Amino acid sequence: MFTILATLKVQKGKEEEAEKIMEELASQVAAKEPATLTYLFHRLQNDPNIIIVFEVYQDEAAFEAHRRGEILRQAGTKLASVLEPGGVEIKVLERFAGFQRP
């Protein structure tokens, strides 16, 4: 498995618009990217302008297909208008313990 933690910084006043874009993105990924195993968006409780995305892919190739795919490209164009400039941070995680229930 290949795991990503993405942090997105939304412009103040654009939270609802960003949420709609992200909901559509998640829906498209669920429908068309079966090798994307987990794709969860979370808002920080104390800062609604920070979105954390937890992503698990079947393997690194599945992540690359997502990253280079049409779904993310189209969403990225829309997100550019609601995110802070430079407001995307991507971290690759390495699992060493724990579990996930179906």
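Are any of the residues in region 79-92 among the polar types (S, T, N, Q) and in contact with a helix residue (DSSP H, G or I) (Cβ under 7 Å, 6 or more places away or on another chain)? Scanning region 79-92 turns up no residue that is among the polar types (S, T, N, Q) and in contact with a helix residue (DSSP H, G or I) (Cβ under 7 Å, 6 or more places away or on another chain).
To keep it simple, each residue is scored yes or no on (1) over 29 Å from ALA97 (Cα atoms); (2) touching a residue at least 40 places away in the same chain (Cβ under 8 Å).
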residue	(1), (2)
ILE4	no, yes
LEU8	no, yes
GLN11	yes, yes
LYS20	yes, no
ALA26	no, no
GLN45	no, no
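Which numbered condition trips up ALA30, out of (1) free of Cβ contacts under 8 Å to residues at least 24 places away in the same chain; (2) within 17 Å of GLU89 (Cβ to Cβ)? Exception for ALA30: condition (2).
The numbers here are math on the coordinates, done by the rules we state, and not lab data. Keep in mind it's a predicted model, so treat the numbers as computed, not measured. Don't worry about glycine lacking a Cβ; one is built from the backbone with ideal geometry, like all the others, and counts go over all protein chains shown.
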